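Shown next, in structure tokens, is the structure this report addresses.
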């Protein structure tokens, strides 16, 4: 090989090396985006599961089949939002009442984690922890419930109204972002 051919081979190797580095960079950023999307989708799914469970409950503690027609004023609704009388989201012992209305979820802190032994430690302050096979990471769901203005559902009401807003905030050590999922439940009589 002469000098010209050696220079062409050298240039070809440099171009090939640059292409390989660029493709590795693209693959890495695609992998990071895919992982981030998967974590965000899991966070939304977990928050939605809490919201759907809460939506299946009564609007308020005072609502019963016999009392619904007697409710004519929002002032008749519970003044305190949150669990009443020792209620819990779950009770595996049969000794505690479970959540029975939408606002019982106010102040709830739930942890969703994998069944991986590295996630076995309990989280301080958590009301309940769910172990889910094949879940990637640990997710912290904080729930708040408030009465809201009927004409502006983002504004907390000073008093009681026929509308309650649940806000689920999901964080994870595996994610740089926070997922916030609002949900409004209304009572129509």
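The set of residues in region 158-173 that are surrounded by 13 or more Cβ atoms within 10 Å (Cβ to Cβ) and either part of a loop (DSSP other than H, G, I, E, B) or more than 10 Å from the chain's Cα centre (by Cα) (or both) comprises 160, 161, 162, 163, 164, 165, 166, 172. Looking at residue 143, is it within 18 Å of residue 55 (Cβ to Cβ), part of a strand (DSSP E or B) and either without any contact (Cβ under 8 Å) to a residue 60 or more places away in the chain or touching a strand residue (DSSP E or B) at 6+ places or on another chain (Cβ under 7 Å) (or both)? Considered against the rule, which asks whether it is within 18 Å of residue 55 (Cβ to Cβ), part of a strand (DSSP E or B) and either without any contact (Cβ under 8 Å) to a residue 60 or more places away in the chain or touching a strand residue (DSSP E or B) at 6+ places or on another chain (Cβ under 7 Å) (or both), residue 143 comes out as yes. So, in region 134-148, of the ones that are at pLDDT 90 or above and over 21 Å from residue 58 (Cβ atoms), which residue ends up farthest from the chain's Cα centre (by Cα)? Per the stated criteria, the residue is 138.
The condition of being buried (at least 17 other Cβ atoms within 10 Å of the Cβ), out of contact with any helix residue (DSSP H, G or I) (no Cβ under 7 Å at 6 or more places or on another chain), closer than 25 Å to residue 177 by Cα and at pLDDT 85 or above holds for residue 42. Just one of the numbered conditions (1) closer than 19 Å to residue 50 by Cβ; (2) loosely packed, with under 13 Cβ neighbours inside 10 Å is not true of residue 155: (1). Residues in region 62-81 that are in contact with a helix residue (DSSP H, G or I) (Cβ under 7 Å, 6 or more places away or on another chain) and modelled with pLDDT under 90 were compared, and the one that is surrounded by the fewest Cβ atoms within 10 Å (Cβ to Cβ) is 62. Remark: residue 137 matches the filter, which requires a residue to be farther than 30 Å from residue 159 by Cα and surrounded by 16 or more Cβ atoms within 10 Å (Cβ to Cβ).
The values are calculated or read from the model by the stated rules, or taken from the named source; none is laboratory data. Quick caveat: nothing in here was measured; it's all calculated off a predicted structure. Positions of Cβ are generated from backbone atoms using ideal geometry, with glycine treated the same way; all protein chains shown enter the neighbour counts.
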